[in-house]
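Notes for the one structure printed next.
The values are calculated or read from the model by the stated rules, or taken from the named source; none is laboratory data. As the structure is a computational prediction, the values presented were derived from the model and not from experiment. Ideal geometry is used to build each Cβ from the backbone, glycine not excepted, and the neighbour counts take in all protein chains shown. Surface areas here come from the heavy atoms of the whole protein model, side chains and all, with no ligands, DNA or RNA. Shrake-Rupley method; radii C 1.70, N 1.55, O 1.52, S 1.80 Å.
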Amino acid sequence: MNLQIQGKNAYCYTGGKTFNPAQPNVVFIHGAQSDHSVWGLQTRYFAHHGYNVLAVDLPGHGRSAGPALGSIEEISAWLLALLDAAGIDKAMLIGHSMGSLAALETAGAAPGRVSKLALVGTAYPMKVSDALLSAAWEEEQRAIDMVNIWSHSTMSAKPSSPGPGFSVMEGSRRLMQRMAQRGPEHLFHTDFSVCNNYAHGEAAAQKVSCPTLLLLGQRDMMTPPKATAALKQALAHARTVTVPAAGHSLMAEQPDAVLDALYGFASEKQPA
């Protein structure tokens, strides 16, 4: 569905279901140079099993109007405006990579509006190498290829899809290319800079009051599991689930394991 946020169109995938005010709400937030489609399996399942799903296209990504936002704090403010526009008082936030930082910042800035928090393929600080920043600015395709290789645990992942010829890695590569074609100029560089410059992660984590799940890929080279040490220490109600045989693109490489972890976490009853 489309919402008007800060005077511009914003697209949210709902998993094929209409909004039901009686159901709990879950907002999915994608990472750099991506859109809502990275959550394909997980969003459809949640939407057909008792949840309102809003899988956002962040500004400048996918079907949402640009420009891309220039900081995690701006993305967080946009997410809160999205909740207002959708008429949602409280939601579970699930964010991947850059989206995980935005979810974290939002949960810290407005803890009363976040029921649960899931940080997927996360790290803090989320520093980006100078080589990758330069490639993203000067030769975007080379940056796409670098990230695509580093984001997968194997060159020949076997997804749950039985479709002949289906390739997890090529699917990710094509999505990033499409974002480069349709999005604002230097979108990848903007997104990487947003991650690289975010400096409030620990402060935000200390303000988070809801249950938090750190969902990590065992073989993640972009955001290695060990890079969550500062977050684990700062978050009061966090636990970690590590997905075997998965890199940074764990939703694509191990979709069922990611779904099981997220849905199980969402379904847990909170103490009264």
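Please grab the % of Cα pairs in the stretch 1-83 that end up more than 16 Å from each other. Counting pairs separated by more than 16 Å, the tail of P(r) holds 48 percent. Computed over Cα pairs, the Kirkwood radius of the chain leads via Stokes-Einstein (0.692 mPa s, 37 °C) to a diffusion coefficient of 180 µm² per second.
If both residues of a DSSP beta bridge must be in the chain, then about 20% of such bridges are antiparallel. For the stretch 1-151, the per residue solvent-accessible surface stands at 35 Å², with DNA, RNA and ligands left out and a 1.4 Å probe.
Ordering A236, A252, V120 by the projection of their Cα atoms onto the charge dipole of the chain, which places +1 on the Cβ of Lys and Arg and -1 on the Cβ of Asp and Glu, puts A236 at the extreme positive end. Shown here is the pair-distance distribution of the stretch 103-241: with all Cα-Cα distances grouped in 5 Å bins from zero up to the longest one, the shares run 2, 10, 16, 17, 17, 16, 14, 7, 1, 0 percent. Of the peptides 6-19, 213-226, the order by per-residue mean of other Cβ atoms within 10 Å, starting with the highest, comes out as 213-226, 6-19.
Among 256-264, 32-40, sorting by the average number of other beta carbon atoms lying within 10 angstrom of each residue, highest first, gives 32-40, 256-264. Basic side chains Lys and Arg get +1 at the Cβ, acidic Asp and Glu get -1 at the Cβ, and with that the dipole of the chain about its Cα centre reaches some 620 debye.
Given a 1.4 Å probe and the protein chains as shown, H48 ends up with an accessible area of around 100 Å². Compactness of the stretch 162-254 was expressed as the Cα radius of gyration divided by 2.2 N^0.38 Å, which yields 1.32. Here the contact order of the chain, divided by its residue count and restricted to Cα pairs under 8 Å and six or more residues apart, works out to 20 percent.
Only Cα pairs under 8 Å and 6+ residues apart enter the sum, and on that basis the relative contact order of the stretch 148-272 stands at 31 percent.
Whenever you get a sec, compute what percent of the accessible area on the chain sits on carbon and sulfur atoms (1.4 Å probe).
Here it works out to 52 percent.
Quick one: which of K8/K127; K116/K207; K116/K269; K116/K232; K17/K207 span more than 22 angstrom between C-alpha atoms? Violating the 22 Å Cα-Cα cut-off are K8/K127; K17/K207. R113 contributes about 50 Å² of solvent-accessible surface, heavy atoms of the protein only, 1.4 Å probe.
Put H61, H237 in order of accessible area, highest first, and with a 1.4 Å probe you get H237, H61.
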